Amino acid sequence: MAITKTNQPYFHVTGKTGWINDPNGLIYFNGQYHVFFQSNPYDTKWGPMHWGHVVSDDLTNWQYLPNALIPGDDFDKNGCFSGSAIVHDNKMWLMYTGFIENQGGESVRQIQCLAESSDGITFKKHGVVIGEDLLPNGYAPCDFRDPKVWEHNGYFWCAVAARKIKGRGRILLFKSTNLFDWEFISDIFGTDSKGSMIECPDYNQELPCLLSCEQFQPSENGVHLNVHTSRFYVGELDYQTGHFAEKSRGIVDYGFDIYAPQIFAYKPIIMGWLNMWDRSCPAEKFGFAGMLTVPRKVSVKDGRLCQTPVVNCQKVFEADVQGRLFDKAEKGVITIKCENLKSLNLKMRSNGTNYTTLSLSDGKWVFDRSNSGEPIVGVEKDSDSLSGKRRMPCSLQKQLTLTIVLDKFSVEIFEDGRALSSTIYPPCDADNLELLVEADTCHYQRDDVILK
Ligand code: FRU
């Protein structure tokens, strides 16, 4: 079936056709940013997973390359699942999960495979390198996926998501001298995850920080409301004992739509899937499904994972705000700088009937997409989720900077390193913006994105 896009984001990565989910193999290679992603090019629903591929010089304008991995070999018969990339011997190497299921969907197998490329465009598969034989006793072979590879002290290390049989998610650590022969080192967390399964682990030794996603986890009294949540754990991996010592933890993003975030190999830049499992996806109507967040510069500050958006843009409008400001913005980056902020109400992507809002209430930013446009239905049943709301702590700093990245189908909000990302599906004429603010001073700036 041919799929034609009838509408799509201006500068957020989507599939060339069809469905996408997790970003994979994020890597800076030979002077360019390579982004791969889980892709079903044949349909706007999840299906046989390929690795789609885009490349960029400026992290804003992306060019499609041919699919890097196509399923169908014995070891990845039904899908090339998520994974990561590394440079070794001047070549790019991908580690990914080969997914094999029999026709009845029983005896699913997930094994870790390797592929190599000299030009970063065409890949030669080497097949399985971490198979079931390396999975310790007591772990389920049907839930063993998403290898994240990196180098340290002359060895390659690989974190793989796993699950205890009749238990919950874990992260396993493997070690190799050559990317082909691996040995099991440890289960890097002492206890089970709160969710049913951990997915897409990512360890970044420069920050240092561990990321993971948990499926179907309790909200822990509202710490996070999405049933599938991306978390960060600040802390260091002890390569001798294979144990991860956690110092602090939190969620990666406070919005509705973020999953499977990954940090680029060789650059402190993070991107995630700007979407969520178990939600309706109105984008299907426009011939695509799923996109990635904008790239964000990532750091650890005061025990928190901090992100600031990286978008190539130029200033097109600025004003000092006395009380109220009107503007028009369908896409771009809005920066609002306030001194001694007391209250703020921002109406975005509005045409009167449809609008998306951000306001400040009880020391928290409140995002509301209940009137944004096409309704989005999820499985969460708490009152905020049912009324289209997500909340993020406000720094309440004397000098405060709020940054909002707007594209046709998304809003990403940043303040003091925290992020709140959500999809919205408003009509095309919804481009009015209204800001109502109470502060000692307030400066508004709109930048437009430089699209080539
Ligand atoms: C996470 C995930 C991964 C898996 C991939 C399949 O969103 O479920 O665990 O590798 O998606 O597309």
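Every number here is computed from the coordinates shown, using simple stated rules; none is lab data. Since this is a predicted model, take the numbers as computed values, not measurements. Backbone-built Cβ (ideal geometry, glycine too); neighbour counts: all protein chains shown.
Listed values, structure above:
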quantity: log₁₀ of I(q)/I(0) at q = 0.13, 0.16 Å⁻¹ - the stretch 92-242, Debye sum with one point per alpha carbon; calculated: -0.61, -0.92
quantity: Euclidean distance between Cα centres, the stretch 319-383 to the stretch 196-275, Å; calculated: 27
quantity: Virtual spin-label span in nm between ASN90 and THR177, 7 Å along Cα→Cβ; calculated: 2.4
quantity: Amide H contacts of HIS126 (H built 1.01 Å from N, under 5 Å, at least 5 apart or other chain); calculated: LEU114, ALA115, GLU116
quantity: Karplus-derived 3J(HN,Hα), 6.51/-1.76/1.60, for each residue of the stretch 10-16, Hz, glycine and proline x; calculated: 6, 9, 9, 5, 10, x, 4
quantity: Förster radius 51 Å - calculated FRET efficiency between ASP133 and THR335, Cβ distance, rounded to 0.05; calculated: 0.45
quantity: R0 of 30 Å, Cβ-Cβ distance LYS124-GLU236: FRET efficiency to nearest 0.05; calculated: 0.30
quantity: Fewest-first ranking of ASP146, ASP22, ASP74, using other Cβ atoms within 10 Å as the exposure measure; calculated: ASP74, ASP22, ASP146
quantity: Highest-first arrangement of 260-268, 336-344, where packing means the average Cβ count within 10 Å; calculated: 260-268, 336-344
quantity: Residues THR308, THR60 arranged by fewest to most Cβ contacts within 10 Å; calculated: THR308, THR60
quantity: In nm, spacing of pseudo-spin labels at LYS45 and GLN399 (7 Å Cα→C-beta vector); calculated: 5.3
quantity: Computed label-point distance, nm, for sites LYS194 and SER370 using a 7 Å Cα→Cβ extension; calculated: 2.5
quantity: Pairs beyond 29 Å (Cα-Cα), from LYS148/LYS364; LYS285/LYS389; LYS16/LYS331; LYS45/LYS389; LYS331/LYS389; LYS267/LYS452; calculated: LYS148/LYS364
quantity: Cross-link partners of LYS247 among aspartates and glutamates (Cα-Cα below 14 Å; sequence separation of 8 or more within a chain); calculated: GLU236, ASP238, ASP302
quantity: Global size of the stretch 18-309 as Cα Rg and Dmax, reported in angstrom; calculated: 17.5, 52
quantity: Neighbour-count ranking [beta-carbon atoms within 10 angstrom, fewest first] of GLU330, GLU214; calculated: GLU330, GLU214
